[in-house]
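Trainee: Sharing a structure with you now.
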Amino acid sequence: MNIIFFLFLYIQMCFAFDIPQTCKTDLTIDKDHYNVTKTYNTGDAIPTDAHFDGKGNLFFVVFGRNFNGYYYDVKVIKRNSSEAETVPGLPERESYSIAVDKKESKVYFGTSKGIYAYNYESQEAILINKPDIQLNSLLVDKDGNKYITGRPDGFEQLYLLAGNEKIHYKGFDALDEVAVDDKNNFYYIREEKFFVLKSNLSHSVYIGNVSYEGLGQITFHQDNVFVASKTLSYIHKNDTGPMKRVSGTPEVTAIAFDRVGNFVLGTKGKLLKYEAKECYQRKN
């Protein structure tokens, strides 16, 4: 009788240790689980256009409104810091765009009064070109070439910068958002439709529908491309659609990944930092 009892108890203990504990996560992307680990408050402003540099610093734009009207500001959260600081040296009351040149390890700020570069020694922005180049957004490809968008005819258009000259890219008119990946493929949103123009093709390919209400960002991590605009959706670069939606997010306006795969999401009043969490499952 005692032998049977101890055998039963032993079996129950084995099964007890084998049962996986509940893995509570804030959101899941494919098979990866993430939890919010930090919150950076931005007051009543909305974070947009967020980018990590190669040193782990996070640069982003905040867009808000006060008694003087609408305003923009460029902030940086330095590595191992929990406070956002304004980047000095930029013109006041301008709209901004941020681009990171990974090849040269530089950070650029695009404004309607010229392009600025971040000086890591003085920790301020310095004008690097003539201030008469007006732009709405700024991009840098893997080779260090700069691209800007502008609205000369009322529609957003894409240009390659050659010194102070602008070369119009035909077929990129009426853009809402545009980004270039590490293989010089251009991804863009037009009328809530998502397209890609790959570097080895002469025409764009439709990927799928996305939400867009005036604020959003396209970014990349490993082999996925992400669209943050109210909802968060993504797709593998080799897939043709449709987009996959990430559940459990707030209404998002920005997204940026760091070197280890953690990321931030921008939403009204704050930036949320998500870090990966291991969820162990029982193996049969």
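The values are calculated or read from the model by the stated rules, or taken from the named source; none is laboratory data. This is a predicted model, so every value here is computed, not measured. Backbone-built Cβ (ideal geometry, glycine too); neighbour counts: all protein chains shown. For the accessible areas, the whole protein counts, side chains as well, though only heavy atoms, and no ligand, DNA or RNA atoms are used. Shrake-Rupley method; radii C 1.70, N 1.55, O 1.52, S 1.80 Å.
Trainee: For region 151-242, please list each of the strands (runs of 3 or more DSSP E) lying entirely inside it that holds at least 2 residues being open to solvent by less than 30 Å² (accessible area, probe 1.4 Å).
Mentor: 157-162, 177-180, 186-190, 193-197, 205-209, 217-221, 224-229, 231-236
Trainee: With the structure loaded, tell me whether ILE126 is under 26 Å from ILE77 (Cβ atoms), open to solvent by less than 20 Å² (accessible area, probe 1.4 Å) and either of a type outside the set (Lys, Arg) or under 21 Å from the mean Cα position of the chain (by Cα) (or both) or whether it fails that test. Give the steps one after another, and end with the answer.
Mentor: Values: under 26 Å from ILE77 (Cβ atoms): yes; open to solvent by less than 20 Å² (accessible area, probe 1.4 Å): no; either of a type outside the set (Lys, Arg) or under 21 Å from the mean Cα position of the chain (by Cα) (or both): yes.
Here the answer is no, as ILE126 does not meet what is asked.
Trainee: Here's another thing I want to ask about it. Among the listed residues LYS273, LYS283, which satisfies the condition of being at pLDDT 95 or above, open to solvent by 10 Å² or more (accessible area, probe 1.4 Å), closer than 21 Å to HIS33 by Cβ and basic (Lys, Arg)?
Mentor: Step by step, each of LYS273, LYS283 is checked, and only LYS273 is at pLDDT 95 or above, open to solvent by 10 Å² or more (accessible area, probe 1.4 Å), closer than 21 Å to HIS33 by Cβ and basic (Lys, Arg).
Trainee: Taking the residues in region 243-261 that are in a strand (DSSP E or B) and under 16 Å from the mean Cα position of the chain (by Cα) as candidates, determine which candidate is surrounded by the fewest Cβ atoms within 10 Å (Cβ to Cβ).
Mentor: Result: ARG245.
Trainee: I would also like to ask the following. Applying the selection to region 134-150, what residues are in a loop (DSSP other than H, G, I, E, B), modelled with pLDDT of 80 or more and surrounded by 13 or more Cβ atoms within 10 Å (Cβ to Cβ)?
Mentor: Filtering region 134-150 for residues in a loop (DSSP other than H, G, I, E, B) gives 134-136, 141-145.
Filter again for modelled with pLDDT of 80 or more, leaving 135-136, 141-145.
Across region 134-150, the qualifying residues are LEU135, ASN136, ASP141, LYS142, ASN145.
Trainee: Name the residues in region 98-133 that are among the hydroxyl-bearing types (Ser, Thr, Tyr) and modelled with pLDDT of 95 or more, would you?
Mentor: Step one: list which residues in region 98-133 are among the hydroxyl-bearing types (Ser, Thr, Tyr), which gives 105, 108, 111-112, 116, 118, 120, 122.
Within region 98-133, TYR108, TYR116, TYR118, TYR120, SER122 meet the criteria.
Trainee: Would you say PRO88 is modelled with pLDDT under 90 and either among the hydroxyl-bearing types (Ser, Thr, Tyr) or not in a strand (DSSP E or B) (or both)?
Mentor: The answer is no for PRO88.
To keep it simple, each residue is scored yes or no on (1) open to solvent by 50 Å² or more (accessible area, probe 1.4 Å); (2) touching a Lys or Arg at 6+ places or on another chain (Cβ under 7 Å); (3) not small (Gly, Ala, Ser).
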site	(1), (2), (3)
THR25	no, yes, yes
THR28	yes, no, yes
TYR34	no, yes, yes
ASP44	yes, no, yes
ASN57	no, yes, yes
GLY69	no, no, no
ASP73	no, no, yes
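Trainee: Could you please give the count of residues in region 188-237 that are among the aromatic types (Phe, Trp, Tyr) and within 13 Å of the chain's Cα centre (by Cα)? Give the derivation first.
Mentor: Within region 188-237, the subset among the aromatic types (Phe, Trp, Tyr) is 188, 194-195, 206, 212, 220, 226, 234.
Those left that are additionally within 13 Å of the chain's Cα centre (by Cα): 220, 226, 234.
Residues meeting the conditions: 3.
Trainee: Please go through region 102-123 and give me each residue that is hydroxyl-bearing (Ser, Thr, Tyr), assigned to a strand (DSSP E or B) and in contact with a Leu (Cβ under 9 Å, 6 or more places away or on another chain), ordered by number.
Mentor: Passing the criteria: TYR108, THR111, TYR116.
Trainee: Can you tell me which condition ALA117 does not meet? The list is (1) open to solvent by 70 Å² or more (accessible area, probe 1.4 Å); (2) under 17 Å from LEU161 (Cα atoms), and all the others hold.
Mentor: The one condition ALA117 does not meet is (1).
Trainee: Regarding region 28-38, can at least one residue be identified that is of a type in the set (A, V, I, L, M, F, W, C) and closer than 20 Å to GLU275 by Cβ?
Mentor: Scanning region 28-38 turns up at least one residue that is of a type in the set (A, V, I, L, M, F, W, C) and closer than 20 Å to GLU275 by Cβ.
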